[in-house]
């Protein structure tokens, strides 16, 4: 028996965990161009069309530090219609508190 390194490769487009990071396994568009976080986030939204997605999950896929910028870039650069929903309520002191933020890629439905 040898001590061969076995590499696990999930199916393309599948979300998997590496350490604390959640990633999407994608093939590079061209061999010399690596897959970017923007590409990963676009793929995530395409795999979840017309579905509200929690902002924390989007941050994991798109990168914690710049995921909002990447959502904006998807809107501008790739023409993706991504809408935002913020759920708020009032606390005991009557102050408005943000509870949850969600995003949805609105893909046109063919009838």
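Throughout, read-outs are computed from the coordinates displayed, never taken from laboratory work. Since the model is a prediction, treat every value here as computed from it, not as a measurement. Cβ placement follows ideal geometry from the backbone for every residue including glycine, while neighbour counts extend to all protein chains displayed.
Structure data summary
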read-out: Neighbour-count ranking [beta-carbon atoms within 10 angstrom, fewest first] of 69, 101; value: 69, 101
read-out: Ranked 107, 80, criterion: other C-beta atoms within 10 Å, fewest first; value: 107, 80
read-out: Extension gain, residue 56 back to residue 96 (0.36 nm per residue minus Cα-Cα distance, nm); value: 12.3 nm
read-out: Residue order, fewest to most surrounding Cβ atoms within 10 angstrom, among 51, 96; value: 96, 51
read-out: Peptides 37-44, 61-68 ordered by average Cβ neighbours within 10 Å, highest first; value: 37-44, 61-68
